[in-house]
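Read through the structure below, which is laid out as C-alpha cells, and then see the notes.
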Amino acid sequence: MDSHLHDTLNFDALITALPEPVLLVARDGRVWSANQAAVELLGAQIRGAQIRAHLRQPEVAAMLDRALAGSENATASFVTSSASAETVWQVTARPMGADTLVLSLHDISHREAAEAQRREFVANVSHELRSPLTVLAGFIETLQGSAAQDPAARQEFLSIMAREAERMTGLVSDLLSLSRVEGAEKIRPRTPVAIDMVLRATLAALRPQIESAGIEVTLTLPEDLPEVPGDYDQLVQVYHNLLENALKYGANGGRIKIAASTVPAVPGFEGPVLRIDVTDYGEGIDPIHIPRLTERFYRVDRARSRDQGGTGLGLAIVKHILNRHRGRLCIRSAPGEGATFSTLLPTG
C-alpha cells in the first residue's frame, strides 16, 4: 500500500471523532483528508480540492503560503458568517512529515467577543468618569481664579462639584458591586432567605426617597410565601435597584406596586418559582429598548439617567445576581403604560 495512502487512512480514523474542523493538506495545497466538522464548514467538495480556494481571506491565504513553503506552526484568523452570527476561527497549520500539513480550525468567537466587550467596557468607564472629572477640573480652575472672591458663585460651584463627586462615587461603588457579583456568579447560594424580610428592608432603606418623591408604594405579600435559597444582601440589592429605578423613572405615575406570588411551574425551572413584580405607572419604555436594558451602561435616555444619578449599571447588577441564584428577570412595558420588572427565583 502507498505510504501516503496508508498515512491518510490512519489520519482519517484519528480525526473522525474530533469536534472541530481538521484537514490533512499536501505541500501542493491539495486536501487529502477532512473530518466531518471540516466538511460541514467548508463543503463536501473540500476533499481533493485546493485549500487556497476555500480559505481565501487575505490573512489566511498569506499564512497558507508560508505554511506550504515550510514555515513551522503558522496561524491566522478566518471568519465565517451566517444569517444569525459571525464565527471567528483560529486556523493553525503544523507540518506532519516532509510532504503534508495538519490544518486545524478552532472557534475563538467567544474569546473575540470577550475582548470586544472588555474594550467597550473600558471605553464606557473612561467616558463615564471623564465627564464629571472635566466638570470638577473646570470649577476648581474657576474657583482658583475669577470666582475666588465671589461667595455666591463659590457656593453654587461647590454644590455642583459635590454632585459630580457623588456621581463618581456611585459609579465606583456599582463597578465594585458588579465585579464582586461576577466573581461569585458560579457559586450558587444555599442559605434560606425570607423574601418578605428582604422587601421590607429594601422599603425601609428607600423610605426617605419615597417620601421625598411623594410616591405611594404598596407591598402585597401572601401569607404562605416560601423561602428561597439565596444571599440576603445580594437580594436586597436586587430589589433596592429595581425600586430605585421605579422611583427615578416612574415617579410621574404617582404610585408603585410590589407584589409577590408563587408560580407552580415556569418553563426553564424545576419546581415552584417565587415571582416578585415591581410595577410603576410612569412613562413606560419602548419595547425596542427592553432586550438591552441589562447591558452595562445602556440607557434609554442618557441625559435623564445622568441627571437622576444613574450609573447605567443597576440592571446589569440585578441580572448577574439573579443568574447566580439561577433566577431570571422579565421586563414588560410600553410607552404610556408604565413598566413591570419581574424577578423569578427557584424555591428549591
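When each of Leu143, Leu178, Leu133, Leu171 is tested for being under 30 Å from Pro229 (Cβ atoms) and of a type in the set (A, V, I, L, M, F, W, C), the lone residue that passes is Leu178.
The numbered conditions (1) outside any helix (DSSP H, G or I); (2) within 26 Å of the chain's Cα centre (by Cα) are all true for Arg167 except (1). Where strands (runs of 3 or more DSSP E) sit wholly within region 230-348, those with at least 3 residues that are under 24 Å from the mean Cα position of the chain (by Cα) occupy 273-280, 328-333, 339-346.
Only one of the listed residues (Val172, Val135) is in contact with an Asp or Glu (Cβ under 9 Å, 6 or more places away or on another chain) and within 29 Å of Phe297 (Cα to Cα). That residue is Val135. So for region 206-218 (the condition being in contact with an Asp or Glu (Cβ under 8 Å, 6 or more places away or on another chain), surrounded by 14 or more Cβ atoms within 10 Å (Cβ to Cβ) and part of a helix (DSSP H, G or I)), does at least one residue qualify? Within region 206-218, one or more residues are in contact with an Asp or Glu (Cβ under 8 Å, 6 or more places away or on another chain), surrounded by 14 or more Cβ atoms within 10 Å (Cβ to Cβ) and part of a helix (DSSP H, G or I). Only one of the listed residues (Arg190, Arg200, Arg154) is closer than 25 Å to Thr311 by Cα, free of Cβ contacts under 8 Å to residues at least 60 places away in the same chain and surrounded by fewer than 17 Cβ atoms within 10 Å (Cβ to Cβ). That residue is Arg200.
Residues that are closer than 30 Å to Ser126 by Cα and surrounded by 18 or more Cβ atoms within 10 Å (Cβ to Cβ) do not occur anywhere in region 254-261.
Is it the case that Ala246 is touching a Phe, Trp or Tyr at 6+ places or on another chain (Cβ under 9 Å) and either β-branched (Val, Ile, Thr) or in contact (Cβ under 8 Å) with a residue 40 or more places away in the chain (or both)?
It is true that Ala246 is touching a Phe, Trp or Tyr at 6+ places or on another chain (Cβ under 9 Å) and either β-branched (Val, Ile, Thr) or in contact (Cβ under 8 Å) with a residue 40 or more places away in the chain (or both).
Restricting region 262-302 to residues that are acidic (Asp, Glu) and under 18 Å from Val238 (Cα atoms) leaves a set whose member that is surrounded by the most Cβ atoms within 10 Å (Cβ to Cβ) is Asp280.
So how many residues does region 89-140 have that are touching a residue at least 40 places away in the same chain (Cβ under 8 Å) and among the β-branched types (Val, Ile, Thr)? Going through region 89-140 one residue at a time, the tally reaches 3. The one condition from (1) basic (Lys, Arg); (2) surrounded by 13 or more Cβ atoms within 10 Å (Cβ to Cβ); (3) assigned by TED's automatic domain parsing to the domain that holds Leu329 that Arg167 does not meet is (3). Of all residues in region 204-227, those that are assigned by TED's automatic domain parsing to the domain that holds Tyr281 have Cβ atoms under 6 Å from Cβ atoms of residues that are surrounded by 14 or more Cβ atoms within 10 Å (Cβ to Cβ) and part of a loop (DSSP other than H, G, I, E, B), 6 or more apart or on another chain, in Pro226/Thr347; Glu227/Ala194. Quick one: would you say Leu9 is surrounded by 14 or more Cβ atoms within 10 Å (Cβ to Cβ) and either at pLDDT 85 or above or closer than 16 Å to Val102 by Cβ (or both)? Here the answer is no, as Leu9 does not meet what is asked.
Would you confirm whether any residue within region 303-312 is over 22 Å from Thr169 (Cβ atoms), surrounded by 14 or more Cβ atoms within 10 Å (Cβ to Cβ), not hydrophobic (A, V, I, L, M, F, W, C) and not assigned by TED's automatic domain parsing to the domain that holds Ala162? For region 303-312, residues over 22 Å from Thr169 (Cβ atoms), surrounded by 14 or more Cβ atoms within 10 Å (Cβ to Cβ), not hydrophobic (A, V, I, L, M, F, W, C) and not assigned by TED's automatic domain parsing to the domain that holds Ala162: absent.
Residue-by-condition table, conditions (1) among the acidic types (Asp, Glu); (2) over 18 Å from Ile195 (Cβ atoms); (3) at pLDDT below 95:
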{"site": "Leu221", "(1), (2), (3)": "no, no, yes"}
{"site": "Leu225", "(1), (2), (3)": "no, no, yes"}
{"site": "Asp231", "(1), (2), (3)": "yes, no, yes"}
{"site": "Val266", "(1), (2), (3)": "no, no, yes"}
{"site": "Phe269", "(1), (2), (3)": "no, no, yes"}
{"site": "Gly282", "(1), (2), (3)": "no, yes, yes"}
{"site": "Ile285", "(1), (2), (3)": "no, yes, yes"}
{"site": "Ile290", "(1), (2), (3)": "no, yes, yes"}
{"site": "Thr294", "(1), (2), (3)": "no, yes, yes"}
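Annotation: of all residues in region 131-147 being small (Gly, Ala, Ser) and under 21 Å from Arg163 (Cβ atoms), the one that is surrounded by the most Cβ atoms within 10 Å (Cβ to Cβ) is Ala147.
The values are calculated or read from the model by the stated rules, or taken from the named source; none is laboratory data. Model, not experiment: these values are computed from the prediction. So basically every Cβ, Gly included, is an ideal-geometry build from the backbone, and we count neighbours across all protein chains shown.
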